[in-house]
Amino acid sequence: MTDNRHSSPPLSPVLFAGLVLRPLPPSLLQPLLGVAMNVMRERQPGLFERLDELAGNAFLIDPVDLPFCFVLKLDPRTPNLTCIRDAADAGTPTAVVRGPFLMLIDLLEGRIDGDAVFFSRDLTIEGDTEAVVTLRNAIDSGEIRVVEDLLSLLGPLSAPAQRLADAVGAVFRRATADLEAVRSAFVSPVRDKSDAQAVRIRKLEAELAEMRDDLRRLKNSARHRKQTELAET
Amino acid sequence: MAEPLELVCPAGAPAALRAAVDAGADVVYVGFRDQTNARNFPGLNFSRSELRDGLAYAHDRGTRVYVAINTLPEAGNPDPWHRAVDDAAALGCDALILADIGLLDYAASHHAGLRRHLSVQASASNVESIRFYQEAFGVQRVVLPRVLTVAEIAELNAQITVETEVFAFGGLCVMAEGRCALSSYATGQSPNVQGVCSPASHVRYERRGDEMVSHLGDYTINVFADGEPAGYPTLCKGRFVAAGRASYIFEEPTSLNVIDSIPDLMAAGVKALKIEGRQRGRAYVSQVVSAFRKAVDAAARGEPAPACDLGSVTEGQRNTTGAYAKDWR
Amino acid sequence: MATHATKLTLGPILFHWPAERKRDFYARIADEAPIDTVYLGEVVCSKRAPFFDSWLPEVAAKLERAGKKVVFSTLALVMSEREIEAVRAMAEDSGFLVEANDISAVRLFAGRPHVIGPFVNVYNEGTLRYLARNGATRVVLSNELPAHSLAALAEAAGNVELEVQAFGRLPLALSARCYHARSRGLHKDSCQYVCADDLGGMPLKTLDEKPFFAVNGIQTLSYTVCNLVQELGALRDMTIGYVRLWPQAVDMVAVADVFRSVLDGKTEAREGEAILSRHVDFAPFSNGYFHGREGAAYAQ
């Protein structure tokens with residue numbers, strides 16, 4: 001049996017975006033989300049057909065590296081996506097889906113496998129598991145291109161704009177890797193949203209303290225032995 | 001150059017079917033969106049019209065499509081299964097994957113010209129069982145249960161005249177397939193009839209401090225420490241206490257991966273490799289099918305499998321060669 | 001007693017009991033238990049078979065002398081050449097009725113009367129009809145089937161007798177792997193027969209200590225003890241002719257007495273249940289499958 005576990009996931013550069021966006025009221029994002037949903041409904045009728053069986057359900061989508069969350073409400077006639085500042089304002093959603101923002105986008109666009117990020121613990125879910133699985137399967141049945149779809153609204157500019165989006169995406173992704181080294185410095189602002197991270201750090205700190213104690217004890221006993229030996233000679 | 005093994009790839013949705021075809025699948029296997037197949041998960045699988053489109057996409061590109069109708073028809077309610085067989089035949093699929101004796105009998109008598117493969121759910125693990133299905137229903141291929149070693153598979157192939165297909169990658173049943181009632185014992189939903197193991201409707205995840213707890217029905221299946229790779233909430237990959245000691249008594253959360261044993265399986269006389277995962281996303285399908293396409297072709301040329309990393313898509317982020325190696329037992 | 005009354009059968013012993021214990025167990029069944037048919041043979045693990053094989057002729061003869069019918073059961077998971085040979089040998093030795101617990105045996109027993117055991121999946125009329133054409137005279141139905149499926153099968157059964165599992169830990173799964181051995185860090189090939197340590201299977205609990213399954217070598221059983229004593233009337237109304245008791249490490253003569261008495265209308269089902277619960281003190285009862293629920297449930 002081989003162990004393929006990779007190291008913990010890099011904290012996405014969206015973290016920095018999050019820090020920048022922090023003062024931005026969610027209401028300013030809302031029109032963009034409305035447009036995105038309309039485009040998706042138009043381009044992916046099959047997907048929304050599959051979502052029919054989830055009618056009436058609400059999902060809290062919580063990008064752990066952003067200072068706000070999304071609520072996806074699957075109203076039978078007009079499914080809608082809203083942005084909220086505080087997860088507590090989501091009422092009682094059917095289920096909660098948590099993960100780094102870029103990963104959630106990758107999932108939405110089918111670039112990564114939902115089960116894989118669940119196995120790696122980057123994605124966590126709570127609440128009605130069946131609803132989440134249905135949502136995931138529906139999303140994966142379509143071929144969603146969030147960025148592409150939004151840019152296509154710009155008309156004739158879309159090809160160069162697509163290249164721009166790709167370039168931005170690539171830089172973003174490369175930055176993700178480079179930023180690994182400094183991420184710990186920036187963890188604190190989102191620590192409250194990242195319990196797991198906090199616990200890991202606490203554990204490390206506790207272990208370190210224990211090692212320090214052990215070291216001190218060893219040193220003390222060595223010193224003591226030396227003194228006894230000296231006294232005996 | 002030897003003939004490459006046939007690569008049989010999963011698709012739980014039209015997008016995954018296209019991904020499998022584009023990634024080099026020889027065959028894509030699918031199921032209808034109901035309890036007639038063993039991956040009856042919510043929001044998954046094909047409507048009749050989606051299958052028609054999928055067949056066109058695949059056939060245009062030289063890829064075949066097998067339809068799995070591999071649950072056991074319910075007593076008093078055979079119609080959904082009979083209709084599934086009739087519709088798959090009418091739409092022009094290339095083979096049916098069946099498990100139930102009565103349904104095999106139905107397909108053999110109503111659609112004699114359509115290839116019949118024996119599903120792994122029939123758990124035919126020896127030469128006499130395979131001969132039974134061949135003689136009785138004209139089965140042309142048997143998907144072998146995941147209980148045999150490579151040596152046993154070679155021995156078997158030497159004695160039979162039907163093709164054999166073996167699992168190469170993905171989820172791993174550690175129990176004899178089609179003969180396992182663990183999930184129904186806890187949930188009332190049976191893989192054999194409802195086509196679902198550990199149904200999502202009965203799965204619940206709970207955060208307990210820094211731990212994640214998975215439940216199935218009234219039972220705790222596992223507790224994952226912070227950062228520990230997770231698996232499916234299936235009972236055979238759960239952590240249980242026996243004689244005071246907690247362990248993965250049945251199997252660790254892990255995926256089967258025999259990419260490095262393809263030459264051995266060719267030598268054992270296997271005809272086709274099957275990739276598990278109709279419940280997985282199209283990213284998984286693309287990644288795994290591409291890797292196996294290269295490996296199968298390399299093996300046919302007598303070359304070693306090209307290096308590839310499928311670790312991230314494996315359950316528990318680990319893989320095993322499972323029952324193919326004798327020490328697994 | 002009317003001849004058409006529901007018959008009681010005793011399934012094969014699923015556990016690896018010492019040979020002497022098995023011999024004494026069957027001696028008492030022969031002399032005292034109101035059982036019509038006894039199934040003999042090792043069903044779970046071929047490695048155990050040599051321990052009791054030499055006793056079988058004597059035990060079978062004693063049971064027959066006591067008026068019981070004897071059926072020899074095959075292994076349930078047949079993989080090796082040696083295991084296949086054992087099934088072939090049973091097919092050639094036509095002295096007794098045989099029970100097929102694997103499809104290999106279904107092929108080898110074709111054309112002669114035989115029982116289809118509970119380890120062969122018979123879930124619907126189509127399969128039942130095919131197996132009847134193949135020579136099956138009795139079919140032991142899967143423990144997963146709910147009442148409405150049992151009724152539908154009974155309606156379609158024609159001359160085929162049907163048998164339902166009504167008492168004991170339920171066989172739930174089989175594997176190439178031995179979990180008894182694995183729990184002690186051993187492989188199946190060098191298992192040291194550690195399964196003999198648990199006369200009723202090794203209890204398996206969840207991490208929060210809730211009992212769940214019982215491990216019996218390569219087999220996984222329910223932790224609960226299936227008990228359909230309260231459903232006997234319903235089974236009789238469906239015209240299910242045979243009711244199977246799985247041997248447990250309890251007073252099986254007493255258990256058989258209760259079932260017989262309830263079947264004969266001499267004891268109320270509720271009272272029968274109360275007596276059984278005094279004998280089965282190691283685990284709770286279940287009957288969920290019959291009622292279309294999870295197998296572990298117990299609907300009173």
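The values are calculated or read from the model by the stated rules, or taken from the named source; none is laboratory data. A quick note: this is a predicted structure, and the numbers were derived from the prediction, not measured. Please note: Cβ atoms are built from the backbone with ideal geometry, for glycine as well, and neighbour counts cover all protein chains shown. Accessible surface areas use protein heavy atoms only, side chains included; no ligands, DNA or RNA. Shrake-Rupley method; radii C 1.70, N 1.55, O 1.52, S 1.80 Å.
Inspection of the range C:260-278 identifies at least one residue that is free of Cβ contacts under 8 Å to residues at least 40 places away in the same chain, away from every other protein chain (no Cβ under 14 Å), under 28 Å from C:Lys68 (Cα atoms) and buried (at least 21 other Cβ atoms within 10 Å of the Cβ). Filtered by the rule that a residue be within 14 Å of chain A (Cβ to nearest Cβ), crowded, with 23+ Cβ neighbours inside 10 Å and out of contact with any Gly (no Cβ under 9 Å at 6 or more places or on another chain), the range B:44-82 gives B:Leu51, B:Gly54.
Comparison of B:Val193, B:Val223 shows that the only residue that is open to solvent by 20 Å² or more (accessible area, probe 1.4 Å) and β-branched (Val, Ile, Thr) is B:Val223.
Here B:Ala283, B:Ala299, B:Ala295 are screened, and the one residue that is in contact with a Pro (Cβ under 7 Å, 6 or more places away or on another chain), within 28 Å of B:Arg39 (Cα to Cα) and buried (at least 18 other Cβ atoms within 10 Å of the Cβ) is B:Ala295. Among what's in the range C:109-131 and is surrounded by fewer than 22 Cβ atoms within 10 Å (Cβ to Cβ) and away from chain B (no Cβ under 11 Å), pick the residue that is nearest to C:Leu172 (Cα to Cα). The selected residue is C:Pro113. Could you name every one of the strands (runs of 3 or more DSSP E) located completely within the range B:249-329 that has at least 1 residues being among the basic types (Lys, Arg), within 20 Å of the chain's Cα centre (by Cα) and more than 10 Å from every other protein chain (Cβ to nearest Cβ)? Ranges flagged: B:272-275.
How many of the residues in the range C:169-188 are open to solvent by 20 Å² or more (accessible area, probe 1.4 Å), within 22 Å of C:Leu77 (Cα to Cα) and more than 7 Å from chain B (Cβ to nearest Cβ)? Within the range C:169-188, residues that are open to solvent by 20 Å² or more (accessible area, probe 1.4 Å), within 22 Å of C:Leu77 (Cα to Cα) and more than 7 Å from chain B (Cβ to nearest Cβ) number 1.
Out of all the residues in the range C:80-99, is one or more at pLDDT 95 or above, within 20 Å of C:Leu172 (Cα to Cα) and part of a loop (DSSP other than H, G, I, E, B)? Within the range C:80-99, none of the residues are at pLDDT 95 or above, within 20 Å of C:Leu172 (Cα to Cα) and part of a loop (DSSP other than H, G, I, E, B). Among the residues here, C:Phe285 qualifies as closer than 11 Å to C:Val225 by Cα and open to solvent by less than 30 Å² (accessible area, probe 1.4 Å). Here the helices (runs of 4 or more DSSP H) wholly within the range B:105-224 that include at least 2 residues being closer than 30 Å to B:His82 by Cβ and within 12 Å of chain C (Cβ to nearest Cβ) are B:127-137, B:182-187.
For the range B:1-38, a residue qualifies if it is over 16 Å from B:Ala56 (Cβ atoms), surrounded by fewer than 24 Cβ atoms within 10 Å (Cβ to Cβ) and within 14 Å of chain A (Cβ to nearest Cβ), and the qualifying residues are B:Ala23, B:Arg33, B:Asp34. Is one or more of the residues making up the range B:102-115 basic (Lys, Arg), surrounded by 22 or more Cβ atoms within 10 Å (Cβ to Cβ) and touching a residue at least 24 places away in the same chain (Cβ under 8 Å)? No, every residue in the range B:102-115 fails to be basic (Lys, Arg), surrounded by 22 or more Cβ atoms within 10 Å (Cβ to Cβ) and touching a residue at least 24 places away in the same chain (Cβ under 8 Å). Go through the range A:49-61 and count every residue that is surrounded by fewer than 18 Cβ atoms within 10 Å (Cβ to Cβ), within 19 Å of A:Val146 (Cα to Cα) and either of a type in the set (S, T, N, Q) or at pLDDT 80 or above (or both). Within the range A:49-61, residues that are surrounded by fewer than 18 Cβ atoms within 10 Å (Cβ to Cβ), within 19 Å of A:Val146 (Cα to Cα) and either of a type in the set (S, T, N, Q) or at pLDDT 80 or above (or both) number 0. Only a single criterion out of (1) basic (Lys, Arg); (2) out of contact with any Leu (no Cβ under 8 Å at 6 or more places or on another chain); (3) in contact (Cβ under 8 Å) with a residue 60 or more places away in the chain is not satisfied by B:Arg131, namely (3).
Remark: B:Ala99 falls outside the filter, which requires a residue to be open to solvent by 40 Å² or more (accessible area, probe 1.4 Å) and over 28 Å from B:Gln287 (Cβ atoms).
A quick yes/no check of all residues on (1) in contact (Cβ under 8 Å) with a residue 60 or more places away in the chain; (2) out of contact with any helix residue (DSSP H, G or I) (no Cβ under 7 Å at 6 or more places or on another chain); (3) of a type outside the set (D, E, K, R):
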| position | (1), (2), (3) |
| --- | --- |
| C:Ala154 | yes, yes, yes |
| C:Glu163 | yes, yes, no |
| C:Ala176 | yes, no, yes |
| C:Tyr193 | yes, yes, yes |
| C:Gly201 | yes, yes, yes |
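Listed by position, the strands (runs of 3 or more DSSP E) contained in the range C:1-78 that have at least 3 residues being open to solvent by 20 Å² or more (accessible area, probe 1.4 Å) form an empty set. Taking the listed residues A:Val35, A:Val64, the one that is surrounded by fewer than 16 Cβ atoms within 10 Å (Cβ to Cβ), touching a residue at least 12 places away in the same chain (Cβ under 8 Å) and in the same structural domain as A:Thr92 (by TED's automatic domain parsing) is A:Val35, with no other qualifying.
Report yes if A:Glu109 is more than 8 Å from every other protein chain (Cβ to nearest Cβ) and within 22 Å of A:Pro45 (Cα to Cα), otherwise no. For A:Glu109, the condition - more than 8 Å from every other protein chain (Cβ to nearest Cβ) and within 22 Å of A:Pro45 (Cα to Cα) - is met.
It is to be established whether one or more residues within the range B:195-217 are hydroxyl-bearing (Ser, Thr, Tyr) and in contact with a Lys or Arg (Cβ under 8 Å, 6 or more places away or on another chain). Yes. Here A:Asp115 passes the criteria (1) at pLDDT below 90; (2) within 19 Å of A:Leu47 (Cα to Cα); (3) facing chain B (nearest Cβ under 8 Å) except the one numbered (2).
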